[in-house]
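Novice: Encoded as structure tokens, here's the structure I'll be asking about.
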Amino acid sequence: MLEVAALTSHYGRIQALAGIDLKVADGELVALVGANGAGKTTLLRAISGVQPYSGKIIYNGKDIGAVSSERRVGLGIVQVPEGRQVFGPLSVEDNLRLGAYTRTRAESDAELERVYAMFPALKERRRQAAGVLSGGQQQMLAMGRGLMAKPRLLLLDEPSMGLAPRLVEEIFAKVRALKEARTTIFLVDQNARAALAVADRGYVLETGRIVLAGTGSELLTNEQVQSAYLGL
């Protein structure tokens, strides 16, 4: 579904990504792990079309380099951003419906019920302002908002950031459920153990370069990964 080839990106004179090559197959969950500042979010932003880059991003067999970020959403590329970025003054339900702004009311209603089925806590709080939710609930809201757009490729950026261990487990249980439902997911997270445990395949990014690749289980048992990211 997704192929990134020789992708390079800069912030001014600073090179953030240097020749990235990776693939995500239809129905696969691929994790990208690395330290803070390695370039993980920059790569997701390039795939979403909001970060300038050189190289190629091939989506369903077509180079989307000239495709705007808005049109990429229409093609099914949907990013759940780092830091959740919910609209605090708006209600939970209004936040969710914003994810389906390109769809008809009937389509939005149908997706809303699916999201509420996956995240019952959001339905209970649907009339509350998003800003009063806990961090874990806001992460669920951000994921639900992304799902409202009916993604073919879901980009998850640091879903466990800032959450207590129990909430991290809950969020990754939802990620696993999406995987089991055959949602294609490209997952970025500093929590390498949780990300690789749920992934079919994974990549390790260091200072803008892919340094390791393999199945999730292979990377979990890799000595370099264990030493650098798992504290073993």
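Every number here is computed from the coordinates shown, using simple stated rules; none is lab data. Since the model is a prediction, treat every value here as computed from it, not as a measurement. As a convention, Cβ positions derive from the backbone with ideal geometry for all residues, glycine included, and neighbour counts pool all protein chains shown.
Novice: Note down the magnitude of the dipole of segment 92-145 about its Cα centre, charges +1 on Lys and Arg C-beta and -1 on Asp and Glu C-beta and zero elsewhere, to the nearest 20 debye.
Specialist: Approximately 80 debye in magnitude.
Novice: Sequence neighbours fewer than 8 away in the same chain don't count; with that in mind, list the lysines whose C-alpha is under 25 Å from Lys179.
Specialist: Result set, ordered by chain and number: Lys23, Lys40, Lys62, Lys123, Lys150.
Novice: Also: Out of Thr215, Gln138, Leu98, whose Cα points farthest toward the positive end of the dipole of the chain (charges: +1 Lys, Arg; -1 Asp, Glu; placed on Cβ)?
Specialist: Value: Leu98.
Novice: On a 0 to 90 degree scale, rounded to 10, what angle separates helix 165-180 from the longest Cα axis of the chain?
Specialist: Between the helix axis and the principal axis of the chain, the angle is about 90 degrees.
Novice: What whole-number distance in Å separates the alpha-carbon centres of segment 132-175 and segment 63-90?
Specialist: A separation of 15 Å, based on Cα centres.
Novice: Expressed as an acute angle from 0 to 90° and rounded to the nearest 10, what is the orientation of the C-alpha long axis of helix 135-147 relative to the principal long axis of the chain?
Specialist: That helix lies at roughly 90 degrees to the long axis.
Novice: How far, in degrees from 0 to 90, does helix 105-118 lean away from the longest principal axis of the Cα atoms of the chain, to the nearest 10?
Specialist: 70
Novice: Rank by packing, highest mean first: peptides 64-72, 101-109, with packing defined as the count of other Cβ atoms within 10 Å averaged across residues.
Specialist: In descending order of packing, they fall as 64-72, 101-109.
Novice: Quick one: dipole size for segment 65-180, taken about the Cα centre, charges +1 on Lys/Arg Cβ and -1 on Asp/Glu Cβ, in debye to the nearest 20.
Specialist: For segment 65-180, the charge dipole is close to 200 debye.
Novice: If you average over every viewing direction, what projected area does the convex hull of the Cα atoms of the chain give, in nm²?
Specialist: 12.3
Novice: Any idea which of Val30, Ile77, Leu112 is furthest toward the positive side of the dipole for the chain, if Lys and Arg beta-carbons carry +1 and Asp and Glu beta-carbons -1?
Specialist: Projecting each Cα onto the dipole axis, the largest value belongs to Leu112.
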